[in-house]
Each structure stands twice: as C-alpha cells, then as structure tokens.
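Let me begin by presenting the structure, written as structure tokens, before commenting on it.
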Amino acid sequence: MRRRPSHGGATFAKHLQGGTTIATTADMTAPSRRFRRRLLAWLLPALCLAVSAAARTLEVGPDKPLKQPSEAAAVAADGDHIVIAAGEYFDCAVWKASKLVIEGTGKPEDTVITDKACNGKGLFLIDGEGITIRNLTLTRARVPDGNGAGIRMEASNLTVEKVRFVNNQNGILTNTGVKGALTVRDSEFLRNGACNPACAHGIYASNLDLLHVERSKFFETRQAHHIKSRARRTEVIDSDLQDGPNGTSSYQIEAPNGGAVVVRGNTIEKGPKAENHTGAIVIGMEAVTQPTAEITVENNVFRVDGNYASFLVVNGTATEAMLKGNRLSGPAQPLRGDGEVH
C-alpha cells in the first residue's frame with residue numbers, strides 16, 4: 001500500500017517550469033508559530049525604541065547651529081525636541097511637524113520671541129499635532145486684521161506650560177475648525193487684548209473639544225475678555241483673573257455658545273476701568289450651540305473694585321448653574337439667570 005506523503009510543517013520541493021526548484025512551507029508547526037510570536041514580541045518594542053531614538057534635539061541660539069526658531073521649524077521632524085537659548089529673537093515660526101517639544105532654557109522671561117508675525121497671523125503658528133511649548137515669552141504680536149497672536153493653534157492637542165504672553169492682540173487664538181484639547185498650565189497673560197476692529201482676547205478658543213486652564217494668571221487685559229471659549233467643555237482651575245487698576249476688560253470668562261463650564265478655585269476681580277460691568281463669567285449670550293451638561297462655579301473669590309454692581313455668573317442657558325462656596329466682596333452679586341447658590 002502506497003503511503004501518501006505528509007507535508008505537515010516540513011519544507012518540500014516545488015518544481016517550476018524550466019526545471020527550477022524552490023523550497024516552500026505548506027504550514028508552520030505549532031512550535032514554529034510560538035517562536036514567531038515570541039520574535040515579534042521582542043522586535044516590536046525594539047522597533048519602537050529605534051523610532052524614539054531617531055528623534056533629535058535641535059539647538060537654537062546665537063552660538064548654535066540654528067540661529068533662529070524659524071530655522072529649527074524648517075527642519076524639524078515629528079518627535080524632535082527644540083531647545084531655544086536665552087535671548088531676544090525678532091522672529092516668527094511655523095511649526096509643521098507633530099509631537100514636538102519646543103522650550104526655552106532658564107526662566108520663561110529669559111527667552112523672548114517678539115514682534116514678527118508669520119503669514120499675517122502671529123509669532124508661533126502651530127500646524128503640527130500634539131505639540132508642547134514651554135519656558136518662553138511671546139510678545140508684541142500685531143497684524144492688520146487685529147488678531148495677531150502669540151500662538152495661533154491650527155492643529156489639535158496643544159499643551160502650553162510656563163509661557164508668558166505679553167502685550168499681544170491675542171495671547172492664544174485657535175482656528176475655527178480645530179478639535180482636540182488646548183491645555184494651558186502655569187502661564188501668564190499680561191496686557192493682551194484689543195478691539196480694533198475685531199476683538200482679541202487673552203485666550204480665544206474656538207470649537208475645541210476641551211479648553212483647560214490651570215494655575216495661570218491673566219492681568220490687565222484690554223477691552224476684550226481674559227478668556228473666551230466656544231469649546232464643548234471649558235475648565236478654569238486655580239487661576240488668577242484680574243483687571244487691576246488699569247485693565248479695561250469686558251468679561252473674565254465668556255462661553256458665548258454654552259458648553260460645559262467648570263470654574264473652580266480662582267481669584268476673579270473686576271477693576272474700576274472695566275468696560276463691561278455685567279458680569280465676570282458670562283455663558284450662552286450669543287446662541288447656545290454646544291451641549292451644556294453642567295455649569296459648576298465653586299470655591300472662587302470674586303471682588304468688584306469699581307463703583308458698580310456686577311454678577312459672578314450671568315447664565316443665558318437653560319442649564320442650572322451650580323454656585324457653591326464662592327466668596328464675594330464689594331458690590332458683587334452671585335447669579336443672574338437659572339441656577340442655585342449655596
């Protein structure tokens with residue numbers, strides 16, 4: 001009885017036209033499959049490490065290979081780390097690569113980017129996703145349409161840490177179509193804002209998923225708002241928003257289209273020269289186009305230093321504002337609109 005050959009996991013010869021013979025595998029044995037899985041489990045982390053290792057550190061400074069931030073922006077690749085030496089740079093940059101870390105050396109006031117606007121928009125244009133910017137001063141951004149920004153966010157998921165925005169039209173301005181999150185921590189916004197012809201703000205966030213501001217200072221904003229947000233969710237935590245004696249701001253925080261709003265643990269002051277006396281936190285006064293799941297305003301200090309009455313919260317939505325543990329002084333009142341005060 002002729003026995004049928006069994007190929008199993010063995011290699012066998014296959015004859016092609018012309019007499020050529022190649023070796024093929026009909027199937028892999030179980031031990032071979034296990035070996036391949038172990039090999040892949042070892043190789044994948046190694047490949048990831050190799051990709052990470054390919055990220056470069058690009059140094060910028062008068063005595064560095066790259067003299068200006070714009071030179072680093074022109075050659076940066078995804079994942080690179082850009083370190084800008086202390087000094088003043090009359091420059092602007094368009095950052096197109098993603099997952100960059102861009103930072104100054106020393107204190108934020110040591111590394112200054114000033115005056116020059118790219119593409120009629122601002123000092124730093126963020127076109128790559130997932131970028132982090134820290135330890136810089138961005139100052140004196142001006143453009144003809146009145147919307148010159150220290151940072152113009154044109155792609156998703158930007159993190160800003162320990163950055164000073166001084167005397168710009170907008171501190172940070174986001175493009176209308178950008179989603180994702182803008183996270184701002186430990187930063188300062190000093191004497192930003194204008195209404196000529198359009199209003200520019202300390203931060204102006206368009207239709208983001210999240211604006212999160214934490215441990216940051218807004219002072220002497222001019223004419224417009226310290227923070228204006230059209231985001232689906234706006235969080236302002238443990239921050240300082242004050243007009244001071246010379247600030248002429250309108251609102252401290254405005255969410256004109258609604259959206260969830262959480263304001264917690266802040267010091268909020270309306271000064272004697274404020275141009276709008278209505279309120280500090282104003283929600284839904286243009287049109288409610290964002291789902292407003294909650295309005296939580298708690299454990300804030302609110303002070304009115306002018307000879308006028310002003311509300312901590314002006315709520316133009318149907319969502320009840322929950323005010324709890326806030327301390328008011330001067331001619332300040334807690335709430336106008338739907339909600340509860342505890």
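The values are calculated or read from the model by the stated rules, or taken from the named source; none is laboratory data. All values reported here derive from a predicted model rather than from experimental measurement. So basically every Cβ, Gly included, is an ideal-geometry build from the backbone, and we count neighbours across all protein chains shown.
Testing D78 on (1) over 14 Å from R164 (Cα atoms); (2) not in a loop (DSSP other than H, G, I, E, B), one condition comes back false. Which one is that?
(2)
Please work out if A318 is among the hydrophobic types (A, V, I, L, M, F, W, C), modelled with pLDDT under 95 and over 16 Å from V236 (Cβ atoms).
No: the conditions fail for A318.
For the stretch 171-193, which residues satisfy the criterion of being among the small types (G, A, S) and at positive phi?
Within the stretch 171-193, G180, G193 meet the criteria.
Looking for whichever is in contact with a Gly (Cβ under 7 Å, 6 or more places away or on another chain) and closer than 27 Å to G244 by Cβ here; the options are V297, V313. Which one fits?
It is V313.
If you scan the stretch 286-312, which residues turn out to be hydrophobic (A, V, I, L, M, F, W, C), more than 16 Å from I237 (Cα to Cα) and buried (at least 19 other Cβ atoms within 10 Å of the Cβ)?
V304, F311
Which residues, taken from the stretch 314-331, are assigned to a loop (DSSP other than H, G, I, E, B) and of a type in the set (D, E, K, R)?
Hit for the stretch 314-331 is E320, nothing else.
Determine which member of the set E103, E71, E109, E59 is of a type outside the set (G, A, S), surrounded by fewer than 24 Cβ atoms within 10 Å (Cβ to Cβ) and out of contact with any strand residue (DSSP E or B) (no Cβ under 6 Å at 6 or more places or on another chain).
E71
Quick one: count up the residues across the stretch 124-148 that are among the small types (G, A, S) and either under 16 Å from N192 (Cβ atoms) or in contact with a Pro (Cβ under 6 Å, 6 or more places away or on another chain) (or both).
3
Is it fair to say G258 is at positive phi, buried (at least 22 other Cβ atoms within 10 Å of the Cβ) and either modelled with pLDDT under 95 or in contact with a strand residue (DSSP E or B) (Cβ under 6 Å, 6 or more places away or on another chain) (or both)?
Spelling it out, G258 is indeed at positive phi, buried (at least 22 other Cβ atoms within 10 Å of the Cβ) and either modelled with pLDDT under 95 or in contact with a strand residue (DSSP E or B) (Cβ under 6 Å, 6 or more places away or on another chain) (or both).
Looking only at residues that are crowded, with 18+ Cβ neighbours inside 10 Å and in contact with a Cys (Cβ under 9 Å, 6 or more places away or on another chain) in the stretch 119-131, which one is farthest from D186 (Cα to Cα)?
By that ranking, first place goes to K121.
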